[in-house]
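As structure tokens, the structure follows; a few thoughts come after it.
The values are calculated or read from the model by the stated rules, or taken from the named source; none is laboratory data. All values derive from a computational prediction rather than experimental measurement. Counting neighbours? That spans all protein chains shown, and the Cβs are built from the backbone with ideal geometry, glycine included.
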Amino acid sequence: MQPPGGLMRNTLDTIYRLSGGAAAVSLFCIFALVCMQVGARLLDGVMRFLGMTPLGLIVPSIAEISGFLLASASFLALAYTLSIGSHIRVGLFVERLASGPRRIVEGLVGLLATGIAIYACVAMGGLAFKSWTYNDVSFGFVPVPLWLPQAVMTLGLAILAIAIVDLTVRNWRTGNFTKYETEA
């Protein structure tokens, strides 16, 4: 028996939610790293205040690792935010169009956005492959293989491309366009 909304719809929505969840986990990891670093510095300060020798604990390569996690969070969140209508969108022109012309413009914009997302995905995938081939690593105390964050960014772009195609096809078929919040 097929679930409500269809198997494909539920599968895509699950992929978008998982991608958004992975982005949230990346942000939480940044939070945890920063808390560990702050805790270590506070411990050193307390030990210094008490006349003890500070331990000098640090989280090695926290800046690089936090940057990689932030890039991962940003790219993994793209498809999820698109699927729930939270992307920033300038609709001054499109929202004033009648249903027929709007459908055509939305379709063309969707095709253009899909092309850009696929191009970015392929380019990032190529960069990740080169980094893997040449064993590129980050600078810092902890040499992180650069293909790891680049592969996560590639995954985020691939899911974004799928989400754009999904949204464009859904809008084209139904004529029900995603409602975006507007500011007054």
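Yes or no: Glu106 of a type in the set (D, E, K, R), modelled with pLDDT under 85, over 16 Å from the mean Cα position of the chain (by Cα) and assigned to a helix (DSSP H, G or I)?
Working: of a type in the set (D, E, K, R): yes; modelled with pLDDT under 85: no; over 16 Å from the mean Cα position of the chain (by Cα): yes; assigned to a helix (DSSP H, G or I): yes.
For Glu106, the condition - of a type in the set (D, E, K, R), modelled with pLDDT under 85, over 16 Å from the mean Cα position of the chain (by Cα) and assigned to a helix (DSSP H, G or I) - is not met.
If you take the residues in region 43-81 that are in a helix (DSSP H, G or I) and in contact with a Phe, Trp or Tyr (Cβ under 8 Å, 6 or more places away or on another chain), which one is nearest to Ile162 (Cα to Cα)?
Kept after step one, since they are in a helix (DSSP H, G or I), are these residues of region 43-81: 43-49, 62-81.
After this cut, where a residue has to be in contact with a Phe, Trp or Tyr (Cβ under 8 Å, 6 or more places away or on another chain) as well, the list is 64, 79-80.
Values: Glu64: 29, Ala79: 8, Tyr80: 11 Å.
Filtering region 43-81 for residues that are in a helix (DSSP H, G or I) and in contact with a Phe, Trp or Tyr (Cβ under 8 Å, 6 or more places away or on another chain), the one nearest to Ile162 (Cα to Cα) comes out as Ala79.
Within region 128-147, the set of residues being over 11 Å from Ser61 (Cβ atoms) and surrounded by fewer than 16 Cβ atoms within 10 Å (Cβ to Cβ) comprises Phe129, Lys130, Trp132, Thr133, Tyr134, Asn135, Pro145.
Which residue out of Phe75, Phe31 is surrounded by fewer than 13 Cβ atoms within 10 Å (Cβ to Cβ), under 27 Å from Leu157 (Cβ atoms) and not polar (S, T, N, Q)?
Numbers: Phe75 fails: surrounded by fewer than 13 Cβ atoms within 10 Å (Cβ to Cβ).
Checking each option against the conditions leaves just Phe31.
Kindly check whether there is at least one residue in region 15-25 that is surrounded by 14 or more Cβ atoms within 10 Å (Cβ to Cβ) and of a type in the set (D, E, K, R). Checked against the condition, which is being surrounded by 14 or more Cβ atoms within 10 Å (Cβ to Cβ) and of a type in the set (D, E, K, R), region 15-25 yields at least one hit.
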